[in-house]
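Step one of this worksheet: look at the structure below.
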Amino acid sequence: MVYTYDTETKQSSVVYEANELATAVTDTIRYYREQYQRIAEENRKLKDDAYEFVYKQFQNEMDSLREQLRLSYGSFSSQKEKDRYLQFEKRHMHNRVESKANGGRRPYLIPTATGIGVILKVVCPICGESEDITDTEVW
Ligand SMILES: [Zn+2]
């Protein structure tokens with residue numbers, strides 16, 4: 001590196017020699033390559049975390065929506081079917097409140113479409129008993 005000063009223009013300048021420039025270029029490339037690799041790695045981790053977070057949220061929301069849908073009047077063809085479901089559920093509590101063994105599962109519905117209407121079956125996830133709760137009056 002050579003430092004020069006022009007007395008006429010009163011300007012100073014630094015002149016690098018070729019090998020110095022080559023080293024500077026190599027160092028700069030290495031620096032930016034390392035920065036790039038570090039950022040790429042951080043980005044990958046952030047994406048993984050973000051994906052997991054969003055996917056968990058999505059699952060929770062879907063569970064909640066399914067539960068709401070299943071218990072809403074819309075899952076049944078009539079109030080009679082909903083009442084039958086609730087009665088079935090009451091008979092199949094199996095100490096559900098006290099025991100976590102069944103994971104808090106509630107009886108689920110199996111709708112089967114036929115040519116004239118939907119047959120609605122309710123199934124207990126604990127003992128496996130099922131019951132046809134179809135209200136054929138609304139067919
Ligand atoms: Zn049961």
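The values are calculated or read from the model by the stated rules, or taken from the named source; none is laboratory data. Since we're looking at a predicted model, the values are computed, not measured. Cβ atoms come from the backbone with ideal geometry, glycine included; neighbour counts cover every protein chain shown.
The residues of region 122-138 that are more than 14 Å from the ligand (Cβ to nearest atom) and either farther than 15 Å from Phe76 by Cα or outside any loop (DSSP other than H, G, I, E, B) (or both), listed by number, are Asp132, Thr136, Glu137, Val138. Ile116 meets each of the listed conditions (1) out of contact with any helix residue (DSSP H, G or I) (no Cβ under 8 Å at 6 or more places or on another chain); (2) assigned to a loop (DSSP other than H, G, I, E, B); (3) modelled with pLDDT of 90 or more; (4) more than 16 Å from the ligand (Cβ to nearest atom) apart from (3).
Taken over region 30-69, residues that are within 30 Å of Pro111 (Cα to Cα) and charged (D, E, K, R) amount to 5. Of the residues making up region 6-27, those that are outside any helix (DSSP H, G or I) and acidic (Asp, Glu) are Asp6, Glu8, Glu17.
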